[in-house]
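Take a look at the structure set out below.
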Amino acid sequence: MNMTKKKAVLAAAFAGLWTTMLPAVVLAAEEEAAANPAMYQTFWALVPPIVAIVLALITKEVYSSLFVGILVGGLFYSGFSLEGTVLHVIQDGIIGSLSDPWNVGILVFLVLLGAMVCLMNKAGGSAAFGRWASTKIKSRVGAQLATIALGVLIFIDDYFNCLTVGSVMRPVTDKHNVSRAKLSYLIDATAAPICIIAPISSWAAAVTGFVEGEDGLSLFVRAIPYNFYALLTIVMMIGMVVMNVDFGPMKKHEDNAKKGDLFTTPDRPYANAVGEAVNEKGRVLDLVLPIAVLIISCVIGMIYTGGFFSGESFITAFSNSDASVGLAIGSFFAIVITIIYYLIRRVLTFKECMDCLPEGFKAMVPAILILTLAWTLKAMTDSLGAATYVAALVQNSAKGMTMMLPAIIFLVGCGLSFATGTSWGTFGILIPIVVGIFQQTDPELMIISISACMAGAVCGDHCSPISDTTIMASAGGQCNHVNHVSTQLPYALTVAVVSFITYMIAGFVQNPWISLTCGVVMILLVLAVMRIMNRSGEAQ
């Protein structure tokens, strides 16, 4: 779709939107809106994110698509009042999102991490690591497996995972002609899916906080073997790389990358990061040491916010940690130590270090803008009572079909997380409901259903173009955001379908190993079929 067609589609969307809603705007101006809007806690609460997602996939342009979704949410909330819409979008949406302490902490972390990546690149650390890795990693398969391995090792937090793995492995994957879309998929698929099965992570802390009246950490550990989406995603990644199988839009990106085009599409928001002059003074330690300091500093920052230095145990401190503040504190100390180290090494001057601060900020502007719009869209859906509406659906579905409930919960979790772009919000809605339903009647089914909540939330988050983790993965892989979403969607949906079938099996057999084995076999069969189809297509 060329730019003229994109503009035409957007213009038609805006015109259709206002033509449809103009009569309602005029009528609504004659009376004040009720305390709760007419569309509160109805299916209409899910329409704004659906509009944004559909437009983004059609137009391949994410900023205006998110804004249209926000506008629809504001109109629904205000009863189609122009003044009410503007106030709700600006005051409650954009300003409210940017004044939220958690969100501000994440933005601070993003900016500081962007500055650190810029420092490492300018010091020559990234290039030196790429040269070193090229002597150890000899193939495209090796580069992709190394990316997966690093993603598995950095299980502390998904935001940290996305940006760190991207900055470290990008020179290596570029060297072996792995497309930026494939790199972003590998980053995204080893971020949330790994964090959700790691007992010591910010995600485990979030999940345990939503379980009342139970030992949250113990439940989390028992639920890991049933977290089929996360486990099968890892199987899918490794199987694809080892078997050399790609399908859907990703195959086109990978075919082009083998010819030297890492981006495929003309829109390259991070292209200015390619081709910078290499600092010949750089060493591998100039990348490894800052990354190690960053990891250690962020872990210390997180357990500090959880009260570790006030007498709490490490596990308790991690469970009580504020990841947003902890990551901001850790990245602050890491960048200070990195600057001091580079000055001592004399690979950068003080002025060059300071120049990296605004350059790092500029590199993160696309991610920050998309995050701000995604948070604002979430505020719109929250104000329309989307969470309460979905919770009621789940409670009603619990009446009958007990053995099918894990599969149903998985689907509901996928839909809610996809529409709202938040995994943690989905945990907060569904897990308390599941615990209330099964706590006294069927403890084992409760464990399976809690896993289904987590798996569905991660699946929807993985697929959603408005998910902060998806946005971070695009930034980490320096890939066009819509390219990342469209190329990874067939892979994520494949695992989602297999996971749904696996949860149906688990609801009846209530044995994680039988169910997981069935899921692994199905994933490998799908990959085998895709490989045969690719070979037959190449033969023709």
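The values are calculated or read from the model by the stated rules, or taken from the named source; none is laboratory data. Quick caveat, the model's predicted, so the values are computed rather than measured. We place every Cβ from the backbone using ideal geometry, glycine too, and count neighbours over all the protein chains shown. Surface areas here come from the heavy atoms of the whole protein model, side chains and all, with no ligands, DNA or RNA. Shrake-Rupley method; radii C 1.70, N 1.55, O 1.52, S 1.80 Å.
Remarks
- Where THR135, THR426 fall by accessible area, highest first, once all protein chains stay in place (1.4 Å): THR135, THR426
- Ordering of 403-409, 171-177 by packing [mean C-beta count within 10 Å, highest first]: 403-409, 171-177
- Considered as an equivalent ellipsoid built on the Cα gyration tensor, segment 39-159 has semi-axes of 42, 19, 13 Å, the largest given first.
- When the C-alpha to C-alpha distance is required to be over 19 Å, the pairs from LYS138/LYS175; LYS138/LYS258; LYS175/LYS362 that qualify are LYS175/LYS362.
- Solvent-accessible area of CYS298 with every protein chain in place, 1.4 Å probe, in Å² to the nearest 10: 0 Å²
- The phi torsions of segment 37-48, fed into the Karplus equation with coefficients 6.51, -1.76 and 1.60 and a -60° offset, translate into couplings of x, 4, 8, 5, 6, 10, 4, 4, 5, 8, 5, x Hz, rounded to whole numbers, with Gly and Pro shown as x.
- Binning the alpha carbon pair distances of segment 95-173 at 5 angstrom intervals from zero yields the distribution 3, 15, 20, 20, 18, 11, 7, 5, 3, 1, expressed in whole percent.
- For the residues MET533, MET240, MET504, a 1.4 Å probe over the protein chains yields an accessible-area ranking, largest first, of MET533, MET504, MET240.
- Amide H within-cut-off set for SER467, under 5 Å, with H built and near neighbours excluded: none
- If you take the Cα centroid of segment 48-108 and the Cα centroid of segment 162-198, the two points sit 29 Å apart.
- Of the residues GLU312, GLU444, GLU83, GLU254, the one with the largest accessible area comes first in the ranking GLU83, GLU312, GLU444, GLU254, computed with a 1.4 Å probe on protein heavy atoms.
- Note, ³J(HN,Hα) from phi for segment 255-261, Karplus 6.51, -1.76, 1.60, rounded to Hz, x at Gly and Pro: 4, 5, 4, 5, 8, x, 9
- The packing ranking of peptides 473-481, 336-344, highest mean first, is 473-481, 336-344, where packing means the average number of other beta carbon atoms within 10 angstrom of each residue.
- Local electrostatic count, ILE471, Cβ distance below 12 Å [Lys/Arg +1, Asp/Glu -1]: -4
- Phi angles across segment 241-251 convert, under the Karplus curve 6.51 cos²θ - 1.76 cosθ + 1.60 with θ = phi - 60°, into 3J(HN,Hα) values of 5, 5, 7, 6, 10, 9, 8, x, x, 4, 4 Hz, Gly and Pro given as x.
- Using a probe of 1.4 Å on the protein chains alone, the accessible area found for ARG140 is around 50 Å².
- Theoretical FRET efficiency, 1/(1+(r/R0)^6), r = Cβ-Cβ of ASP267 and VAL54, R0 25 Å, to 0.05: 0.80
- Counting only Cα atoms, segment 229-360 measures 54, 44, 26 Å along its principal axes, largest extent leading.
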